[in-house]
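**Student:** Below is the structure I would like to discuss, written out as structure tokens.
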Amino acid sequence: MAKRERVVRMSVEQPLWRALTAYRVGTMIYAVLIFVFGRERYERPWVAIAFLAVLCVWTLVTLPKVANAVGCTKRFLVADLTVALTGILLTPLADEHAQSVDGPTLPTIWTAGAVLAYAIKGGWRWAGFASSLVAVANIIERGHPTRDTLHNVLLVWVASIAIGYVVEVARASERTLARALEIEAATRERERLARDIHDSVLQVLAMVQRRGTALGGEAAELGRMAGEQEVALRTLVAGGPSRPSLVSEDESKGAVVRMADYPDEDNPADAAGSPVDLRALLTPRAGARVTLSDPGAPVLLPPEAARELTAAVGAALDNVRVHAGDSARAWILVEDWPDEVIVTVRDDGPGIPEGRLAQAEGEGRMGVALSIRGRLRDLGGSAELISVPGQGTEVELKVPREPRGKAGTR
């Protein structure tokens, strides 16, 4: 079963909702204080008291509504703006001189909170609509527009539209980021499946092709079909266009079938179990022509890291068998460091000609790229391949003890 990737999306607008909640409470208190310290100028203070009482109750009761975008419904926005507009239009009734002295309205700057709710919820168009209604209400309340009135109206209008535009850009960026993370997760899963296919199915098809060709007759036809399917499958996992068969005889020679005896990835006990001794997984790889050297003490790694590192070592040994010949010898050296584990696979084969790896990847043979480097990259480690023609090949695999996320390969 494919390994699942979880993409966690954090809403970029949530801090704006928290700030709006604090703003509404703060400006509610400010409106009450403005009345308390200037109550002697109100001809009808009971009008101001009644409105401010409604404003306080409304603000406190509707705090959950401005906690997030889900609670802030269109019906709430309409009602909230209605409270603000009503307070503006009631100001001359409570304070007959408010028009002449250009004093504050009953809701004062609390009104901007209602407009900002529109901006955060619906973007700059909603903000422009709400701020325009507030502007009309302020002009009606003043009777004749003054410079200060026009300045305040323009400030609210520009600020709310700017915030609404920023919110729309942030949402678009969030959607783009979420899509990029989904594509990355799908790509990583594709590479994991490609590694598994390379380690099993492709090698089986190569073996069938080789054996069928050797047996001849109907078996040769079966081998030819297996070869065609191998090429098609290599093309699929490489993500390239279809190509004619590019599998050489030396690549299929000596192909082996490895069914890794590893823990099940979908078994929670295996995926998040106790550390695994890497030596126990590498010991079966040793043999007459493969020498294993380890520290002599347990080399403990998380199950997934140990499993993938062992598979990378197996892929390196497969390359030795296929390309260096049956007579080549290989050595596995395990180094246990405080912050990382290093496994080196070295052989005494003819080495890899310069440019051969790039050519193999271009032809769809992704053994080094996927089975080795891809595994180590997903663990936050790296794989370095050093090869000198005539002097063998050395593959150095590094895995951190603590996951560091994805790291580039060398």
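**Student:** Would you mind counting up the charge near residue 121? Only other residues with Cβ under 15 Å from its Cβ, with Lys and Arg at +1 and Asp and Glu at -1.
**Tutor:** +4
**Student:** Shifting gears a bit: Let's test this: bin the Cα-Cα distances of the range 277-361 at 10 Å from zero up to the farthest pair and state each bin's percent.
**Tutor:** Going out from 0 Å in 10 Å bins, the range 277-361 shows 16, 47, 28, 9, 0 percent.
**Student:** Considering the Cα trace of the range 65-126, what is its radius of gyration and what is Dmax, both in angstroms?
**Tutor:** Here Rg and the maximum Cα pair distance are 13.7, 42 Å.
**Student:** May I ask you to rank 337, 46, 124 by accessible area, largest first, using a 1.4 Å probe over the protein chains only?
**Tutor:** Sorted descending by solvent-accessible area, the residues read 46, 337, 124.
**Student:** Turning to a different aspect of this structure: Near residue 295, within a Cβ-to-Cβ distance under 13 Å, what is the net charge of the other residues, with Lys and Arg +1 and Asp and Glu -1?
**Tutor:** Spelling it out: positives minus negatives among the neighbours equals -3.
**Student:** Can you list which of the GluC sites (Glu not before Pro) found in the range 135-191 are DSSP loop residues with at most 11 other C-beta atoms within 10 Å?
**Tutor:** Sites meeting the loop and neighbour criteria: none at all.
**Student:** Along Cα→Cβ, 7 Å out, is where each label goes; now give me the distance between the ones at residue 335 and residue 293 in nm to one decimal.
**Tutor:** 1.1
The values are calculated or read from the model by the stated rules, or taken from the named source; none is laboratory data. Predicted model, so just to flag it, every value in this text is computed and none were measured. Cβ sites come from the backbone with ideal geometry, for glycine too, and all protein chains shown count toward neighbours. SASA here: full protein model, heavy atoms, side chains in, ligands and nucleic acids out. Shrake-Rupley method; radii C 1.70, N 1.55, O 1.52, S 1.80 Å.
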